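Remarks on the structure that follows.
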Amino acid sequence: MHPTKLFLPLTIAASLGVCTAIPSLAQVCTAAYIQAALPANSFLQGVEPVPSSVNANIVRNFTVNGGGTALSTSNRDFCNVSFTYGRTGRSDKVNLWFYLPSPDQFQNRFLATGGGGLAITSGERGLAGGLVYGAATATTDGGFGGWRNDLSTVLLRADGTLNYDMLFAYGYTAIHEMTVLGKELTRKFYAPYSLPKFYSYYQGCSEGGRQGFSQIQRYGPIFDGVALGAPAFRQAFLQVAHLFPPVVQNTLGYWPSPCELDSINTDTIKACDGLDGLLDGVVSRTDLCKLHHNASASIGTTYNCSASNNRGVPSPAAQGTVTAQAVKIAETIWDGHKDSKGRQVYISTPLSASFADAATTFNPATGKYEAVAGGIGLQYVNLFLKEIRSSTLSLQGVTYDTLRRWILDGMRKFGDTLQTNWPDLEDFRVGGGKIIHWHGEADNGIPAASSLLYHDAVRKTMYPGLGYNESYARLNEWYRLFMVPGAGHCGPNAQQANGPFPQDVLGSVINWVEKGVNPTRLNATVQAGLARGEQQRLCSWPLRPLWKDGALDCVYHQESVDSWLPKLDSIPVPVY
């Protein structure tokens with residue numbers, strides 16, 4: 001039976017004087033009901049849902065364990081649904097997965113989610129987060145052949161060439177198809193007893209943040225609101241940037257133990273902690289730290305670390321005194337990638353962020369530390385640029401200019417798929433959409449300035465005829481950016497654990513969209529220390545935090561703002 005025939009809509013029932021009860025979860029969480037609610041083959045061009053693939057089962061008394069930006073909740077009942085769709089004329093199949101709240105817990109919301117790294121899905125974790133808000137929540141495997149597969153498993157065809165279907169799916173098409181189909185499934189599933197209007201949202205961080213921006217840049221008002229953290233903009237820059245620190249070490253001819261660089265970072269945090277007016281173990285003003293801190297103060301200080309493991313290789317205990325060579329490496333990394341002519345290629349991680357990409361690997365055969373390419377930087381150069389499968393990448397002979405060339409190659413090759421830095425969001429704005437964009441100030445994975453460069457590009461592109469203050473006032477009507485003091489990549493930072501972290505960004509987006517509450521300050525909770533549990537309210541960019549007489553103020557400081565926005569004069573085209 002078609003779902004619209006099971007129950008009268010509440011508005012119609014009321015007009016007829018009929019009392020219609022909300023159905024139970026058991027009444028709607030069946031394969032037959034879901035099959036009837038599937039979007040029609042003609043609903044999205046070229047997309048064909050497969051009714052026989054539908055799976056549906058009831059989950060009761062589910063507990064959502066919070067963490068990061070996810071809140072905790074319990075006693076959630078939902079319909080766990082999955083189905084497959086194909087594309088006309090193609091043999092590949094895409095899997096979609098939904099958590100559909102029980103009708104009595106549904107709050108007229110749809111939530112799309114993304115992934116991280118080279119993954120397009122965050123699986124159960126992303127789906128569970130939507131239950132907190134009574135949202136029908138969706139994720140996709142992108143057509144990568146299963147929920148444990150990421151883009152690296154399908155990017156190269158058997159002949160070694162790029163699989164552009166999979167590349168475009170990862171770039172933006174799979175999230176778009178999931179959203180369009182998911183919103184239609186939600187509308188039909190809840191149509192008999194929901195309000196005429198339901199709101200659609202997106203939440204994601206890192207690659208998930210980029211995926212969210214890919215939708216509003218291309219499809220305008222596809223969402224009413226988005227909560228986007230540390231977006232992986234400009235992958236041609238970002239992924240190559242992971243290789244910059246080891247190339248610095250090779251160029252300068254010194255390979256410190258991770259312990260030595262950690263010692264410099266610890267000294268930096270101590271030296272810059274109070275620049276915001278509060279001694280709490282958190283560097284809230286990395287801009288002032290950059291302007292005033294001299295890392296040479298660490299030279300000669302002692303460090304001592306126990307044996308550890310880096311990239312699967314055991315490292316012995318390390319002790320000694322910080323050298324001038326290690327300080328030079330730290331300063332060069334902080335200064336960002338420059339080419340052989342001294343021109344700025346890209347930004348780097350800010351002061352107080354850990355030197356994760358600079359962590360050397362101990363070679364037991366030589367008894368020395370070495371700079372080794374690893375992680376997503378290695379994957380990007382091998383898979384995306386060289387189109388080969390290899391778990392190693394030699395950095396011998398790789399220079400700052402080599403890295404620049406790889407960046408330019410990626411810009412040309414993936415400008416229409418992975419760069420995701422289109423600065424004109426007018427269609428999204430006109431559609432009434434709202435953005436809360438946040439970034440940890442001590443992010444060691446994606447430089448915080450990456451978000452600031454994009455945000456500034458949107459302001460300049462959309463309000464070119466307005467002055468600085470007026471253009472920000474207009475932008476803040478629908479798009480706000482928040483820097484999170486001391487936070488790491490998409491979560492709290494163990495080195496600065498006393499910092500505040502916004503655990504309910506999506507909730508703030510919902511309040512903005514549904515109640516008109518523009519978040520001039522963003523709610524955040526102190527994660528550790530004596531002030532654990534204390535509520536703070538983060539400053540909206542371009543204002544910066546400054547404590548005065550025990551109270552947090554948000555102030556404007558031109559020199560600080562300028563320090564975040566270098567001119568990338570080594571790149572021959574504008575970088576948005």
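The values are calculated or read from the model by the stated rules, or taken from the named source; none is laboratory data. In this text the structure is predicted, and so the values were computed from the model without any measurement. Don't worry about glycine lacking a Cβ; one is built from the backbone with ideal geometry, like all the others, and counts go over all protein chains shown. Keep in mind that these areas ignore ligands, DNA and RNA; they rest on the heavy atoms of the full protein, side chains included. Shrake-Rupley method; radii C 1.70, N 1.55, O 1.52, S 1.80 Å.
Within region 340-391, restricting attention to residues that are among the basic types (Lys, Arg) and outside any strand (DSSP E or B), the residue that is least open to solvent (accessible area, probe 1.4 Å) is Arg343. Consider region 353-393 and keep the residues that are hydroxyl-bearing (Ser, Thr, Tyr) and over 24 Å from Thr153 (Cβ atoms). The one that is nearest to the chain's Cα centre (by Cα) is Ser354.
Can you name every residue in region 433-464 that is outside any helix (DSSP H, G or I) and charged (D, E, K, R)? Spell out the reasoning first.
Let us first name the residues in region 433-464 that are outside any helix (DSSP H, G or I), namely 433-447, 463-464.
Listed by number, the residues that qualify are Lys434, Glu441, Asp443.
Flag: Gly300 matches the condition of being in a loop (DSSP other than H, G, I, E, B) and over 30 Å from Leu453 (Cα atoms).
Residues in region 301-320 that are under 9 Å from Thr361 (Cα atoms), open to solvent by 50 Å² or more (accessible area, probe 1.4 Å) and either in contact with a Lys or Arg (Cβ under 6 Å, 6 or more places away or on another chain) or at pLDDT 85 or above (or both): Pro314 only.
Restricting attention to region 465-522, the residues being outside any loop (DSSP other than H, G, I, E, B), farther than 27 Å from Phe223 by Cα and either in contact with a Leu (Cβ under 8 Å, 6 or more places away or on another chain) or touching a residue at least 12 places away in the same chain (Cβ under 8 Å) (or both) number 3.
Would you confirm, using the coordinates I've provided, whether Tyr219 is more than 26 Å from the chain's Cα centre (by Cα), surrounded by fewer than 24 Cβ atoms within 10 Å (Cβ to Cβ) and either under 21 Å from Gly445 (Cα atoms) or of a type in the set (Phe, Trp, Tyr) (or both)? So that I can check it myself, show each step before the final result.
Working: more than 26 Å from the chain's Cα centre (by Cα): no; surrounded by fewer than 24 Cβ atoms within 10 Å (Cβ to Cβ): yes; either under 21 Å from Gly445 (Cα atoms) or of a type in the set (Phe, Trp, Tyr) (or both): yes.
In short, no.
Any residue at all in region 494-501 that is under 27 Å from Thr113 (Cβ atoms), at pLDDT below 95, open to solvent by 40 Å² or more (accessible area, probe 1.4 Å) and of a type outside the set (Phe, Trp, Tyr)? Yes: region 494-501 contains one or more residues that are under 27 Å from Thr113 (Cβ atoms), at pLDDT below 95, open to solvent by 40 Å² or more (accessible area, probe 1.4 Å) and of a type outside the set (Phe, Trp, Tyr). Tell me, yes or no, whether region 283-291 has at least one residue that is touching a strand residue (DSSP E or B) at 6+ places or on another chain (Cβ under 6 Å) and closer than 18 Å to Pro545 by Cα. For region 283-291, residues touching a strand residue (DSSP E or B) at 6+ places or on another chain (Cβ under 6 Å) and closer than 18 Å to Pro545 by Cα: present. Where strands (runs of 3 or more DSSP E) sit wholly within region 31-149, those with at least 1 residues that are touching a residue at least 24 places away in the same chain (Cβ under 8 Å) and either surrounded by fewer than 19 Cβ atoms within 10 Å (Cβ to Cβ) or charged (D, E, K, R) (or both) occupy 47-64, 73-87, 93-101, 109-113. Scanning region 233-283 for residues that are of a type in the set (Lys, Arg) and surrounded by fewer than 23 Cβ atoms within 10 Å (Cβ to Cβ) yields a single hit, Lys270. Between Gly529, Gly507, the distinction of being under 20 Å from the mean Cα position of the chain (by Cα) and open to solvent by less than 50 Å² (accessible area, probe 1.4 Å) belongs to Gly507 only.
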